[in-house]
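Trainee: One structure, pasted below without further comment.
The values are calculated or read from the model by the stated rules, or taken from the named source; none is laboratory data. Everything numeric here is computed off the predicted structure, so don't read it as measured data. Cβ atoms come from the backbone with ideal geometry, glycine included; neighbour counts cover every protein chain shown. The protein model used for the area step is the full one, side chains on, heavy atoms only, and it has no ligands, DNA or RNA in it. Shrake-Rupley method; radii C 1.70, N 1.55, O 1.52, S 1.80 Å.
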Amino acid sequence: MIDIIKFIKKWPSRSQWKKLPSLLSKKERYFVLGLLVLFIASSIAWVIGYRLIHTVLIPNYGGSYEEGLIGNPQYINPILCQTNDTDQDVSELIFSGLMKLDSSGHLIPDLAERYAIGQEGKIYDFFLRKNVKWHDGRPFNADDVIFTIQAIQNSDYKSPLMFTWKSVEIEKIDDWTIRFKLKNAYAPFLNNTIVGILPKHVWENISPPEFFLTETNFKPIGTGPYKLKKIEKDKKGSIRALSLQANEDYHLGKPYIKNIIFRFYVNEENLIDAFNRGKIKGLSNLSTQNKSQLKNYERRLNIYPLQLPRYFAVFFNQSKSRVLSDKTVRLALNYATDKQEIIDKILDGQGMAVNSPLPSGVFGHEKEIKTYDFALEHANNLLDAAGWKINEESNIREKVIKKNEEPTPLKITLITTEWPELQEVAILIQEQWSKLGAEIETKVLNIAEIQQNYIRPREYQALLFGEVLGSDPDPFAFWHSSQKRDPGLNLSLYDNKEVDKLLAEAQKTFDSEARAKKYEEFQKLVIEDVPVVFLYNSFYLYPISKKIKGIEIENIPLPSKRFSGIENWYIKTKRVKK
């Protein structure tokens with residue numbers, strides 16, 4: 001102890017330390033300085049290393065994300081939003097359903113804690129979460145669910161979802177239990193329950209005639225991860241931006257990102273310009289053709305190629321074309337279609353060939369099926385053998401279909417939309433089919449005109465169009481003979497009694513293996529009958545800032561479902577002890 005006190009007394013004073021540099025040579029001073037720098041650097045490195053070893057980086061709350069969308073909101077209302085992608089995007093963040101989809105596209109409980117299925121699929125009981133709050137602080141309960149479903153079922157509200165719910169009976173067991181009764185078992189029913197629920201206390205006094213016109217559609221109250229903060233309009237009253245803030249009471253956990261801001265643009269050109277000027281950090285969608293127009297996108301963006309359960313195809317309406325009523329012609333057109341050329345030239349490789357009404361990645365897809373691979377020579381041989389001969393003057397094939405009639409030329413009118421991708425596909429198909437000696441006239445029309453004047457009355461010979469199947473596909477609406485006329489979606493007017501039977505049985509089959517088997521047989525029959533040329537499924541390209549972390553998206557049934565799990569996205573981080 002005495003030795004320590006003597007040592008401390010001999011320790012140089014502050015004034016003596018100040019004189020130290022003058023006592024050292026220049027070389028000695030540099031040496032001491034180097035040791036001091038090394039000591040400080042080593043200390044800092046030790047502290048950093050210790051922190052890295054004994055702590056872990058985790059998401060933190062805060063930050064803002066701005067995304068650009070094409071179009072404007074019309075109804076921020078979950079039972080009206082189905083016809084507008086922008087409405088669906090915004091509604092996805094504000095409202096919650098009984099069930100939701102996770103990042104892999106699987107159904108998981110949302111407002112419901114759990115569910116039970118009884119009476120061989122005719123009864124569904126949902127047990128609701130307690131202590132869920134609406135964005136205005138009011139409590140959520142079974143009355144809100146009943147109000148929402150009954151509004152959908154009421155034709156006066158004109159919900160696009162009415163058809164999927166019209167034969168379902170709903171019963172309140174208690175404030176936290178709901179029962180759905182189905183007249184017939186329907187295996188994909190659970191997918192209907194992802195629809196967002198409306199607050200009864202907000203909407204119950206709004207009559208059906210006012211439902212579409214009320215300002216309440218732009219003052220949404222939901223139970224979702226984000227709530228409305230502000231709407232920005234231009235001088236003409238059009239919505240230019242919409243700001244959302246994190247719902248701190250969200251029942252699945254407070255979202256990490258504090259603010260989500262949507263900015264709305266007329267078209268993709270304006271959307272890309274906004275990104276290049278730094279106005280937005282992500283884009284709701286991007287066509288392959290315009291990816292190169294994004295400045296420094298490889299450094300600034302992660303582009304997620306998402307696979308949707310959809311496909312694009314040429315649908316044949318045999319009732320409007322004697323040429324297409326010939327199966328040999330339909331076969332030849334299939335063999336003359338080079339799908340890989342379409343994917344490589346137009347999609348820049350961002351897609352996959354489709355050979356079935358249930359494409360890859362969709363439940364029930366069968367790999368071991370017949371495919372009509374590109375074989376132009378074989379296609380020409382089929383037509384030659386069937387009597388479709390080249391007219392030396394017109395260079396177009398023709399055939400006498402009925403005796404004493406003039407030869408029928410191999411002419412087909414192909415209709416598609418103004419969407420740039422489909423326009424280019426139509427031109428390429430025209431080139432490919434012309435090599436058969438077919439004359440192809442293409443018509444490019446806006447989507448509203450096609451829907452009203454061609455699809456609804458089925459006034460077309462060949463239609464280049466897409467079909468979206470949903471998370472749990474039910475091909476009934478697309479291929480059952482009862483759906484040949486509007487509002488059905490059987491665009492080929494396909495009619496096969498065996499297919500009708502398989503599709504009807506599949507709806508009532510809950511055993512997944514048995515249901516998949518029925519879908520396998522269904523696919524084989526459709527492919528054999530050749531009512532369509534299946535083309536491709538293009539990836540849905542979702543570009544988003546690399547600063548946004550925690551994104552886990554694999555399979556989504558709709559573009560708006562890219563926000564499934566958005567409460568887990570984050571910008572800020574922090575370190576905590578392991």
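Trainee: From (1) open to solvent by less than 10 Å² (accessible area, probe 1.4 Å); (2) among the aliphatic types (A, V, I, L, M); (3) in contact with a helix residue (DSSP H, G or I) (Cβ under 9 Å, 6 or more places away or on another chain), pick out the condition that doesn't hold for Leu525.
Mentor: With respect to (1) open to solvent by less than 10 Å² (accessible area, probe 1.4 Å); (2) among the aliphatic types (A, V, I, L, M); (3) in contact with a helix residue (DSSP H, G or I) (Cβ under 9 Å, 6 or more places away or on another chain), Leu525 is out only on (1).
Trainee: Among the residues of region 483-495, which ones are hydrophobic (A, V, I, L, M, F, W, C) and open to solvent by 20 Å² or more (accessible area, probe 1.4 Å)?
Mentor: Matches in region 483-495: Leu489, Leu493.
Trainee: Within region 445-466, how many residues turn out to be surrounded by fewer than 17 Cβ atoms within 10 Å (Cβ to Cβ) and part of a strand (DSSP E or B)? Lay out the reasoning, then the answer.
Mentor: Just the residues of region 445-466 that are surrounded by fewer than 17 Cβ atoms within 10 Å (Cβ to Cβ), to begin with: 445-449, 451-453, 456-457, 459.
Still in the list and also part of a strand (DSSP E or B): 445.
Residues meeting the conditions: 1.
Trainee: If I ask for residues that are out of contact with any helix residue (DSSP H, G or I) (no Cβ under 9 Å at 6 or more places or on another chain) and either surrounded by 15 or more Cβ atoms within 10 Å (Cβ to Cβ) or closer than 30 Å to Lys399 by Cβ (or both), which ones from region 292-320 would you list?
Mentor: Answer for region 292-320, where residues must be out of contact with any helix residue (DSSP H, G or I) (no Cβ under 9 Å at 6 or more places or on another chain) and either surrounded by 15 or more Cβ atoms within 10 Å (Cβ to Cβ) or closer than 30 Å to Lys399 by Cβ (or both): Asn302, Gln307, Pro309, Arg310, Tyr311, Ala313, Phe315, Asn317, Ser319, Lys320.
Trainee: Still on this model: Test Gly105 against the criterion of being touching an Asp or Glu at 6+ places or on another chain (Cβ under 8 Å), open to solvent by less than 30 Å² (accessible area, probe 1.4 Å) and closer than 30 Å to Lys546 by Cβ, and give yes or no. Quick ask: steps written out before the conclusion?
Mentor: On the way: touching an Asp or Glu at 6+ places or on another chain (Cβ under 8 Å): yes; open to solvent by less than 30 Å² (accessible area, probe 1.4 Å): yes; closer than 30 Å to Lys546 by Cβ: yes.
Criteria met by Gly105.
Trainee: Tell me, yes or no, whether region 80-101 has at least one residue that is of a type in the set (Phe, Trp, Tyr), over 16 Å from the mean Cα position of the chain (by Cα), at pLDDT 95 or above and not in a loop (DSSP other than H, G, I, E, B).
Mentor: Going residue by residue through region 80-101, those that are of a type in the set (Phe, Trp, Tyr) are 95.
Now restrict to residues that are over 16 Å from the mean Cα position of the chain (by Cα): 95.
Still in the running and at pLDDT 95 or above: 95.
After this cut, where a residue has to be not in a loop (DSSP other than H, G, I, E, B) as well, the list is none.
Checked against the condition, which is being of a type in the set (Phe, Trp, Tyr), over 16 Å from the mean Cα position of the chain (by Cα), at pLDDT 95 or above and not in a loop (DSSP other than H, G, I, E, B), region 80-101 yields no hits at all.
Trainee: Can you give me the ranges of the helices (runs of 4 or more DSSP H) entirely in region 191-291 with at least 2 residues that are over 30 Å from Lys345 (Cα atoms) and either open to solvent by 60 Å² or more (accessible area, probe 1.4 Å) or of a type outside the set (Ser, Thr, Tyr) (or both)? Before the answer, list the steps.
Mentor: Working: elements: 200-203, 208-211, 268-276.
Qualifying helices (runs of 4 or more DSSP H): 200-203, 208-211.
Trainee: Would you pick out the residues in region 566-577 that are modelled with pLDDT of 90 or more and open to solvent by 20 Å² or more (accessible area, probe 1.4 Å)?
Mentor: Hits for region 566-577 are Asn568, Tyr570, Ile571, Lys572, Thr573.
Trainee: Here's a follow-up. Checking Ala504 against (1) of a type outside the set (D, E, K, R); (2) farther than 25 Å from Ser538 by Cβ; (3) part of a loop (DSSP other than H, G, I, E, B); (4) open to solvent by 30 Å² or more (accessible area, probe 1.4 Å), which test does it fail?
Mentor: (3)
Trainee: Please verify whether Glu498 is farther than 21 Å from Gln318 by Cβ and surrounded by fewer than 22 Cβ atoms within 10 Å (Cβ to Cβ), treating the condition exactly as stated.
Mentor: no
Trainee: Here is a list of conditions, (1) open to solvent by less than 20 Å² (accessible area, probe 1.4 Å); (2) not in a helix (DSSP H, G or I), and Thr148 meets all of them except one; can you say which number that is?
Mentor: Checking Thr148 against (1) open to solvent by less than 20 Å² (accessible area, probe 1.4 Å); (2) not in a helix (DSSP H, G or I), the one that fails is (2).
Trainee: Let me ask something additional. Can you name every residue in region 108-145 that is at positive phi and either surrounded by fewer than 17 Cβ atoms within 10 Å (Cβ to Cβ) or part of a loop (DSSP other than H, G, I, E, B) (or both)?
Mentor: Gln119, Glu120, Asn131, Gly137
Trainee: Still on this model: Which of the following residues is surrounded by 14 or more Cβ atoms within 10 Å (Cβ to Cβ), at pLDDT 85 or above, in a loop (DSSP other than H, G, I, E, B) and not charged (D, E, K, R): Tyr65, Tyr75?
Mentor: The match here is Tyr75.
Trainee: Here are the criteria: (1) outside any loop (DSSP other than H, G, I, E, B); (2) surrounded by 15 or more Cβ atoms within 10 Å (Cβ to Cβ). Tell me which single one Ile58 does not satisfy.
Mentor: Failing condition for Ile58: (2).
Trainee: From the list Ile76, Ile94, which residue is in contact with a Gly (Cβ under 7 Å, 6 or more places away or on another chain) and within 30 Å of Gly278 (Cβ to Cβ)?
Mentor: Values: Ile76 fails: in contact with a Gly (Cβ under 7 Å, 6 or more places away or on another chain).
From the options Ile76, Ile94, the qualifying one is Ile94.
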